[in-house]
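Comments concern the structure below.
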Amino acid sequence: MTIETTASSSTQTRQAKTLDASSLLDADSTEPGLLAFTAMAYVVESGGPYQCLHWDATAQVMALDEVVHPTHTCGVDLVHLPFVPLAPSSGAANQRNSHRRRPAWVDEHPDGIPDTHAILARVGPSLLALTLADPPNAPGTRLRVRFLGARRIARQAVSEVSEVSSHRNAEEAAQAPGSIGDWIAITLPIADRALATIRTLNDLPLPLRQRLEEALTEMVAGSPGMRLEAVVDATTIATLYQVACAQARLGRRDEEVASAHSLPHESVFVGAYEERRLPWRESTPLGVAELLARGEAAYAEPEHLEQWLPARFQRYVSEVLLPDERLLFFAHCPSLSVRGWVGQATIFPRTPDLRSASPARRLGSWSLKGALAQGQNLVDRQRGRALHEGLVLITDCQVLMLREVAPPDATLTPWGYTAQSWPLGRVISSASAPAGVALDAAVAGWPAEIRQRLVGAKSFDEATIPSRWARLLVALEGVDGAEVTGVAFPPGGADALAHATTLIERFIPWTGSSATKDCRLRRMPEVEPWKPTDEEAAALETLGDVIASVQVAALTEATTAALAPGETILAQARTPSRNAPASKEATLLTLTPRRLLLAQVGRNPHTRAALREIPLGQITSATLRHSLLGCALTLALPHLPTGDEAEDASGVESLVVGFPSPLIVPFRAVFTRLRVLLGRAPRGANG
């Protein structure tokens, strides 16, 4: 027999003795004033011949299958005492009602013999022990044992100095970090009442003592360079075992916390991520009386979201929210059919100075191009547009406008969503515009310095919807200007809009009496790089469409040359065509802590890749569209005219990067990390 010890892998230095380990270590007193420490053990190797029994449910009797005579026995059972409770077997649920010859936690073997390696893998970190049982127990047996003591096994000394140091006091050796793996516990089964009077190693009868010494000697002989050392009593080894159990539990808890705070849905392969529900998302029911009394404003209470979401929206929300992102507000956005929507709106129109303008500009309003534009506006006003059902959510990181791409059909197929993120770090003002209030009138109460930086809204942004609908308006600041964006509501949603505006205003800058700008207490973003595994990287090479190796080399070369020394790549996403499949312009998107690099190259192998560098301070919002009908990542970049630029040069640029739906994982990784980084002040993000 060779020594197979499994020590605790945790290096925690906390005070673990005060933690509860009652499920693995109990205090059992069978006599007054006498204390015996017990633990749960699992037999790995039997000490002699044993019987294989199973319960015959039909006859209601115990049936003997066979008597196994191991080729090598040592007289004692080799058992493992796990530091953490044993995880259930993957097939335990299926075997629960089946007739089996061994406990469910033992994995089946093709030859009908328990798989020792599978047993050790199931047990995990544990304390090696010898159990004096008569008769021996079959491998795979679970039994409760009590400690008698322990023997320490250490390496042979190679010099006089090491020889002296090896004879340390047993108590000092026991307190050494990680020393639990150097000990072999000696235990007795609780179920054997004939051994109840044995409390210490000195109480062992001569036959049991001889079997124990022979087993220990054989173990040392089978492991060259090892020798037996100190002996400790039951209390000492029980204390060491209890500390190891506490440390193992702390290590498992840290792993669970790290797993819960990891970004979800970032595995290329389906089923590789197991979603975990956080405790704060367990919401309490919302009463019908409160809902009738408060209307839609009742949904604005924290953590009342998930119980009201349709199933398709629960999936969408889980994809775009971080696991630890706190939900503060929710409101339902019903579908709207809008007519007369031209997709543009004027905010504080400036009177053009025709005297300083060029002749072409003075005649522009009377030109053929201007007449065609006015005619197109009339056509657009008559054409209807649909805003599908959606949600508006406010978290501790962002305002999220989520709308489905298309309503579900008769088969309830989820067609996907469009998620527009407005980071709270970019919000400088907000307003609630009831039905009948124009856009310029709704923002008239904003400070003058904010109005001067406004450049308008994106084309067909919901902020530009006709005034017969209510709107939630938000101003987002960038280094080159500020944009206005919003979400449309039916006229009866004024209460929900007022509550949302009040909540958003708590995150906007407070100027104070000294006129100091942006005095918000900000959360420093902590973003971990997304790195696909080798298998995922190989799969991404062919997902969506194949990109020629010449194009890949050109994109990589241009991006690598643009990176500064020490600049970290947080996420990368590559698509074979940026806007349409026919364009065949491969695009590589690279996100770093300071900027976004957009490399693009055509099919011509002699063409060098074009690179655009976008500082994060210029970006005000990001939108992710994930749908079977088409996917895209859209960035908003407001721009004020500077210098000799014409007044009409201002506006909000929408940078759109389209991609095939199989590439959603890397693009969602870019979107998630980008919107977290945008939570910083735009000027700070711009360096």
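Each reported figure results from applying straightforward, stated rules to the coordinates on display, with no laboratory input. Please read all numbers here as calculations on a predicted model, not as lab measurements. Positions of Cβ are generated from backbone atoms using ideal geometry, with glycine treated the same way; all protein chains shown enter the neighbour counts.
Couple of notes before you dig in:
- Taking only the C-alpha atoms of the range 546-618, the Rg (one decimal) and the largest Cα-Cα distance, Dmax (whole number), read 12.1, 37 Å.
- Burial order of peptide ranges 44-57, 61-74 (average beta-carbon count within 10 Å, highest first): 44-57, 61-74
- In order along the range 455-466, the Karplus-derived 3J(HN,Hα) couplings, from 6.51 cos²θ - 1.76 cosθ + 1.60 at θ = phi - 60°, round to 10, x, 9, 5, 4, 6, 5, 5, 5, 8, 5, x Hz, and Gly and Pro are given as x.
- Across the range 454-507, the mean sequence separation of Cα contacts (distance under 8 Å, 6 or more residues apart), normalised by length, yields a relative contact order of 35 percent.
- Once the Cβ-Cβ distance of S654 and R142 is raised to the sixth power relative to R0 = 56 Å, the FRET efficiency obtained is 0.30.
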